[in-house]
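The values are calculated or read from the model by the stated rules, or taken from the named source; none is laboratory data. Computed from a predicted model, the values in this text were never measured in an experiment. Here the Cβ positions follow ideal geometry from the backbone for every residue, glycine too, while neighbour counts run over all protein chains shown. All accessible areas refer to the heavy atoms of the entire protein, side chains included, with ligands and DNA or RNA removed. Shrake-Rupley method; radii C 1.70, N 1.55, O 1.52, S 1.80 Å.
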Amino acid sequence: MSQQTPVQSARGRPRSFDVDIAVERAMEVFWSRGYHATALPDLLRATRLSRGSLYAAFGDKHSLFLRALDRYIADALTRIDIELAPDREPVEGLRAFLAGYVDRTSGANGRRGCLLVATAMELAGQDAEVGRRIAGFFKAMETRLAAALSRAKAAGLLADGVEPSSAARILVCFVEGLRVVGKTAPARTTSKATADALLDRFIK
């Protein structure tokens, strides 16, 4: 649900703006430019807020970046929860999960890259709060994949010797690596064939 935040206008009357929209616009800027290359004027133009309003609502650039990163992570986990829903046939869900990453790493989407991967490269080793968020996202993805693989194992769909937690870690490394390779705009057919080949090693 959109959140309206009151901000004091120049004449002292409260003015409201949609926090969710502001965060989304800021996220787009950080995603395109990176954290360090994003300047305050870039954020003011994107969010259409005054300097005072932005600082009153979010504190500073770093705090706004964390809000944007949280938004990106929440959107990604929502998508994964739909793809790997417990009531969905597990192998079908795993294929949908991989197909989504193939789509997001192909063509213009692939060249744009991933905010999380870019942030991990730029900040994760220097910024503890960012590092915790990224590690938490990867762990959450791994947990969801392990659950889907466990359901597949219980249904007799996994190949002999495949252990769900290990396979989940491999899939996390694969899709995040695919994000990096996607910056070179590989052919979608190549990425799909690679994803299918990997999953086929895990299932009967």
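The rows are residues; the columns are (1) hydrophobic (A, V, I, L, M, F, W, C); (2) out of contact with any strand residue (DSSP E or B) (no Cβ under 8 Å at 6 or more places or on another chain); (3) open to solvent by less than 60 Å² (accessible area, probe 1.4 Å).
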| position | (1), (2), (3) |
| --- | --- |
| T38 | no, yes, yes |
| R51 | no, yes, no |
| D81 | no, yes, no |
| F97 | yes, yes, yes |
_For the condition among the small types (G, A, S) and either closer than 21 Å to A85 by Cα or in contact with a Lys or Arg (Cβ under 8 Å, 6 or more places away or on another chain) (or both), what is the one hit in G113, G161?_
G113
_Lone unmet requirement of (1) farther than 24 Å from T194 by Cα; (2) open to solvent by 40 Å² or more (accessible area, probe 1.4 Å) for E89_ = (1)
*How about region 121-163: which of its residues are within 17 Å of L77 (Cβ to Cβ) and either modelled with pLDDT under 95 or acidic (D, E) (or both)?*
E142
_Suppose we filter region 167-201 for residues that are open to solvent by less than 50 Å² (accessible area, probe 1.4 Å) and either in contact with a Cys (Cβ under 9 Å, 6 or more places away or on another chain) or among the polar types (S, T, N, Q) (or both); how many remain?_
4
*Return a yes/no flag: does region 108-129 have any residue that is farther than 20 Å from E28 by Cα and open to solvent by less than 70 Å² (accessible area, probe 1.4 Å).*
yes
*Kindly list the number of the only condition in (1) modelled with pLDDT of 95 or more; (2) open to solvent by 60 Å² or more (accessible area, probe 1.4 Å) that fails for A74.*
(2)
*asked:* Name the residue that is nearest to the chain's Cα centre (by Cα), counting only residues in region 143-166 that are within 30 Å of A108 (Cβ to Cβ) and open to solvent by less than 30 Å² (accessible area, probe 1.4 Å).
replied: L145
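Please give the helices (runs of 4 or more DSSP H) falling wholly within region 71-164 in which 2 or more residues are without any contact (Cβ under 8 Å) to a residue 60 or more places away in the chain.
90-104, 115-123, 128-154
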